[in-house]
1. Output the pairs from LYS89/LYS120; LYS145/LYS166; LYS118/LYS159; LYS42/LYS166; LYS166/LYS228; LYS120/LYS145 with a Cα-Cα distance over 25 Å in this structure; if there are none, say none.
2. For a test of the definition: using alpha carbon positions, the gyration tensor, and the 1.5 limit on a/c, classify segment 76-211 as rounded, prolate or oblate.
3. Under a point-charge model restricted to the Cβ atoms of Lys and Arg (+1) and Asp and Glu (-1), what is the dipole moment magnitude of segment 103-301 relative to its Cα centre, in debye to the nearest 20?
4. Report the normalised scattering of segment 176-320 as log10 I(q)/I(0) at q = 0.12, 0.14, 0.15, 0.16 Å⁻¹, calculated by the Debye formula with identical scatterers on the alpha carbons.
5. Cut-off is 10 Å between beta-carbons; in what order do ILE144, ILE80 appear when sorted fewest neighbours first?
6. Given contacts defined as C-alpha pairs under 8 Å and at least six residues apart, what's the relative contact order of the chain, whole-number percent?
7. So what is the diffusion coefficient of segment 238-320 in µm² per second by Stokes-Einstein at 25 °C and 0.890 mPa s, using a Kirkwood Rh over Cα pairs?
8. I need the phi-derived Karplus couplings for segment 139-146: 6.51 cos²θ - 1.76 cosθ + 1.60, θ = phi - 60°, integer Hz, Gly and Pro marked x.
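Values quoted throughout were computed directly from the atomic coordinates according to the rules given, and no laboratory measurement underlies them. Since the model is a prediction, treat every value here as computed from it, not as a measurement. Reconstructed Cβ throughout: ideal geometry from the backbone, glycine too, with neighbour counts over all protein chains shown.
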Amino acid sequence: MEAFGKKNALWQEYIKDEAILMQYESMITKENLNQILTIMYKYIKFISNKYYDTKNDSMSYIYDNLRYSLLCAGNKIRSIYWNRILDYKTIYNPNISIKDFEFVTYLVYLGRKYLIDKYKTATYKPTIQELDLTNNCLIASEYIKRVCDKYGVKSQIIKIYPGFSKNDELYNKCGYHCFNIMKYQGKRYLVDLTYSQFFYEHRNNLERIGVVDIFESDPGIFMTMDEKSKNIALKILQDGFIELDEEVLKRYLDAFTISFRNGLYYESTGDFSFETQYTFENYINFLVGNDNQVNYEGKENLGYQKRPLRNPLMSINKKI
C-alpha cells in the first residue's frame with residue numbers, strides 16, 4: 001500500500017508538471033521561441049529529481065511521459081518554425097556546368113540537386129535553403145562518394161560517432177554524422193551537404209544541457225562562439241565545402257565534441273569554457289578508431305544523461 005501511495009502521489013505530480021509544460025508550449029511563437037524553450041528546459045531540470053529512483057539509479061517510467069511531451073513540442077516547433085542561429089544564403093545555381101567552375105563547386109551543385117529531387121513532388125518544389133536535411137547525412141555522403149568515383153577523384157566518407165566511439169552507443173545507436181573529405185588538384189576539401197541541420201534555433205538552446213535523456217545542444221551553437229569558427233561554419237553552410245587544413249578540421253570537430261557532453265560533464269568538471277584540449281592529431285586517432293573522447297571524459301558525462309543534476313539550477317553559460 002505504501003508503494004502504491006508513493007506511485008499515486010508521483011502521478012499527481014506528473015499531471016501538474018505536464019499541464020505546466022503544455023501551457024508553456026501553447027505560448028510559443030516564432031518571436032519568443034528561444035525564450036519559452038529556455039523556461040521549459042529549466043523547468044524540467046528543476047523537477048527531475050522527484051522522478052529519480054535513487055535505489056535503482058534510474059528515472060521513473062513516469063518521467064518518460066514528460067520527456068516525450070518535450071520531444072513532441074520540439075517536433076511541432078520544427079514543423080512550423082524555421083528559425084536559424086546564423087544568417088546565410090545557400091548557393092545553388094541550376095544553370096551551372098562542370099566547365100563553369102572547379103570540380104568541387106560542381107560536385108556540391110550535383111549533391112544539392114540530388115537532395116532537392118529526393119523531396120520534390122508535383123505540388124512541392126523546395127529550394128535547398130528550405131529543406132530540413134536532418135538524418136540525410138549518410139545518403140548525401142554516399143552520393144558525393146559515387147560522383148567522385150565516377151570522375152576519378154579521391155574521396156572518403158567520414159562518420160563521426162557520438163564520443164567518437166561506435167561501441168559505446170551514447171545515443172542508443174543514433175546521433176552519428178557523415179561528411180566527405182576529398183582531394184582534388186593537390187588540395188583537400190571537407191564537403192558537408194547536410195550541415196544546416198545543426199543550426200536550427202530550437203535545437204541549439206544551451207539549457208538543453210542537463211535535461212535527462214534528450215540530445216544536448218547541437219554543434220551549431222558552438223560554432224558561433226568565436227569569429228574563426230563562425231566563418232568556417234558560414235563557408236560550409238553557403239558553399240557546401242571548405243578547403244581543409246588542421247585548424248579547420250579541429251574547429252569543425254570541436255563543435256561535435258562539445259555537443260556530446262551532457263550536464264554531468266559540466267557539473268563534475270566546472271569547465272564552462274566550451275572548448276576542448278584535443279589536437280588535430282587526437283582527432284585523426286578518433287576518426288580512425290584508435291582512440292575516442294570517452295577514454296578522456298567518461299561515458300557517464302557523454303551522450304544521453306542518465307540521472308538528474310545534483311544542482312538543477314546550475315547555470316549553463318560560457319565562462320572564460
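1. Details: LYS89/LYS120 20 Å; LYS145/LYS166 22 Å; LYS118/LYS159 22 Å; LYS42/LYS166 31 Å; LYS166/LYS228 30 Å; LYS120/LYS145 23 Å.
LYS42/LYS166; LYS166/LYS228, as the Cα separations exceed 25 Å there.
2. Values: a/c = 2.04, a/b = 1.26, b/c = 1.62.
Oblate shape, in that a/c is at least 1.5 and b/c is the bigger or equal ratio.
3. Numbers: 24 positive and 28 negative charges, 250 e Å.
The dipole of segment 103-301 has a size of about 1200 debye.
4. -0.50, -0.68, -0.78, -0.89
5. Details: ILE144 27, ILE80 11.
Fewest to most other Cβ atoms nearby, the residues stand as ILE80, ILE144.
6. Working: 429 pairs, mean separation 64.6, N = 320.
Result for the chain is 20 percent.
7. Working: Rh = 14.3 Å.
This corresponds to a translational diffusion coefficient of 172 µm²/s.
8. 5, 5, 5, 5, 5, 4, 5, 5
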